[in-house]
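Participant: One structure follows; several queries about it will come next.
The values are calculated or read from the model by the stated rules, or taken from the named source; none is laboratory data. The model shown is predicted, which means the values in this text are computed figures rather than measured ones. As a convention, Cβ positions derive from the backbone with ideal geometry for all residues, glycine included, and neighbour counts pool all protein chains shown. Only protein heavy atoms, including side chains, enter the accessible area calculation; ligands, DNA and RNA are left aside. Shrake-Rupley method; radii C 1.70, N 1.55, O 1.52, S 1.80 Å.
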Amino acid sequence: MENYIAISKNSKEILNSAHLLQSVEVNALISGEAGVGKKSLAKYILPKAPLFKAKNLQQDIADNIINLQNCSIIIDKIENITNIDLLINWVNENGIRVVATTMKDDLNTKLEELFSITIELPPLKDREEDVKALTSKFSKEASSTLDLDLIVPSRLMINISNNAHSLRKSIYFSYLFETIGEDEILMFMENYMFSNMEGENSYKDFLYLLEVPMLKAATKKYKSQVQMAKHLGLNRITLRKKLDTHKEFLDG
């Protein structure tokens, strides 16, 4: 059975609903942003059901090459269905139970009517306890995959801008970062700049790559702008100008 992590209060309530759906023969729609666990929850509800990408399933139905009856299936990204009548007729004629995922808030009315219940998954920023559990899971996964010692949680770089997708990526990067030194960092920057260098103002265009991480690190380490200016060797007016220039990056 798919392991759906539910530590936070709202996730536990969702998991209780999913548990009930395991024994109730109704169609269910799971909505939410990318990376919030929609497919994991669908597989928790229907652990033995085949999973179909919506576009591929529609094509298989149209080509009459799929032979399923009186069973349950998972449809991923059901908003990509363009021939809605074709899908609905196939579902009804063959006694198919559907658990589907979507990233859209407003599906076509006919599609919405196919489902008796909708479960909306919140983003990870609203599920602090889940983030901690997922961080631990991905950390153990990265340690095993990369054959490296476990990193203490305080040294992990956490990014949940794209929910679990970015979280897993940032955890793996944390482990890779432990193995690289100054030469590798310079090589990465050189390759990035080489691939993206264009125009006649490249020095200014790439300056943020140096200044943003330095300002972020100084903010974490020294807290106050007075101490930041002192240790960075800048006067406070210059520091404030740089903080304002890179505000978009620093607020993220």
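Participant: So which chymotrypsin sites (Phe, Trp or Tyr not before Pro) in the stretch 34-92 pass both tests, a DSSP loop state and at most 13 other Cβ atoms within 10 Å of the Cβ? Could the numbers behind the result be given before it?
Facilitator: Numbers: sites: 44, 52, 90; in loops: none.
Listed in order of number, the matching sites amount to none.
Participant: Given DSSP loops and a limit of at most 10 other Cβ atoms within 10 Å, what is the longest stretch of the chain that contains no such GluC sites (Glu not before Pro)? Don't skip to the end; give the middle numbers.
Facilitator: Working: sites that count: 25, 198, 200.
In the chain, the maximal stretch lacking such sites is 26-197.
Participant: Which percent of the Cα-Cα distances in the stretch 1-66 go past 14 Å?
Facilitator: Details: 1387 of 2145 pairs.
Looking at the stretch 1-66, the distances longer than 14 Å represent 65 percent of pairs.
Participant: How many nm is it between the label spots at residue 235 and residue 141, if each spot is 7 Å from the Cα in line with the beta carbon?
Facilitator: Going by the 7 Å Cα→Cβ label model, 5.1 nm.
Participant: Would you list the membrane-span-like helices of the chain, meaning whole DSSP H runs whose alpha-carbon atoms span at least 20 Å along their axis and whose mean Kyte-Doolittle value is at least -0.5?
Facilitator: Details: long enough: 128-146 (26 Å, -0.64); 163-177 (21 Å, -0.04); 182-196 (21 Å, -0.23); 202-222 (30 Å, -0.09).
Qualifying helices: 163-177, 182-196, 202-222.
Participant: How much accessible surface area, in Å² rounded to 10, belongs to the heavy atoms of residue 193 with a 1.4 Å probe?
Facilitator: 50 Å²
Participant: Between residue 17 and residue 133, what FRET efficiency follows from the Cβ-Cβ distance if R0 is 22 Å, with the result rounded to 0.05?
Facilitator: Working: r = 19 Å, r/R0 = 0.87.
The value I calculate is 0.70.
Participant: Another question, if that's okay. How large a share of the accessible area of the stretch 117-228, in percent, is made up of carbon and sulfur atoms when the probe is 1.4 Å and the other protein chains stay in place? Before the final figure, lay out each step's value.
Facilitator: Values: 4440 of 7850 Å².
That fraction is 57 percent.
Participant: Right, another one. Viscosity 0.890 mPa s, temperature 25 °C: Stokes-Einstein D of the stretch 121-199 from its Kirkwood Cα radius, in µm² per second? Mind showing how you got there, number by number?
Facilitator: Working: Rh = 14.0 Å.
In µm²/s, the coefficient rounds to 175.
Participant: If you don't mind, there's one more thing I want to ask. Remind me, what semi-axes does the stretch 163-252 give for its equivalent ellipsoid, largest first in whole Å, using sqrt of 5 times each Cα gyration tensor eigenvalue? Could the numbers behind the result be given before it?
Facilitator: Values: eigenvalues 122, 77, 38 Å².
Value: 25, 20, 14 Å, ordered largest first.
Participant: If exposed means no more than 14 neighbouring beta carbons inside 10 Å and the site is in a DSSP loop, what's the longest run of the chain without any exposed trypsin sites (Lys or Arg not before Pro)? Don't skip to the end; give the middle numbers.
Facilitator: Working: sites that count: 48, 104, 223.
Formally, the longest exposed-site-free interval is 105-222.
Participant: What distance in nm separates the simple spin-label points at residue 198 and residue 103, each placed 7 Å from Cα in the Cβ direction?
Facilitator: The two pseudo-label positions are separated by 2.4 nm.
Participant: Taking the Cα-to-Cβ direction at residue 89 and at residue 250 and moving 7 Å from each Cα, how far apart do the two end points lie in nm?
Facilitator: Taking the simple label geometry, residue 89 and residue 250 are separated by 6.1 nm.
Participant: A further question on this structure: Too long at a 28 Å Cα-Cα cut-off: which of 43/110; 38/220; 9/140; 169/247?
Facilitator: Values: 43/110 24 Å; 38/220 34 Å; 9/140 24 Å; 169/247 24 Å.
From 43/110; 38/220; 9/140; 169/247, over 28 Å: 38/220.
Participant: Let me ask another. What fraction, in whole percent, of alpha-carbon pairs in the stretch 51-187 exceed 25 Å separation? Walk me through the numbers before you get to the answer.
Facilitator: Working: 4644 of 9316 pairs.
Result: 50 percent of Cα pairs exceed 25 Å.
Participant: I want to verify the translational diffusion coefficient of the chain in µm²/s; compute it with Stokes-Einstein, Rh as the Kirkwood radius over Cα pairs, at 10 °C and 1.306 mPa s.
Facilitator: The calculation lands on 72 µm²/s.
Participant: Give me the number: length gained by fully extending residue 126 to residue 182, i.e. 0.36 nm times residue separation minus the C-alpha to C-alpha distance, one decimal in nm.
Facilitator: Net length gain for the segment: 16.5 nm.
Participant: Something else: So if we plug the beta-carbon distance of residue 34 and residue 210 into 1/(1 + (r/R0)^6) with R0 = 51 Å, what FRET efficiency do we get, rounded to 0.05?
Facilitator: Details: r = 31 Å, r/R0 = 0.61.
Taking R0 as 51 Å, the efficiency between residue 34 and residue 210 is 0.95.
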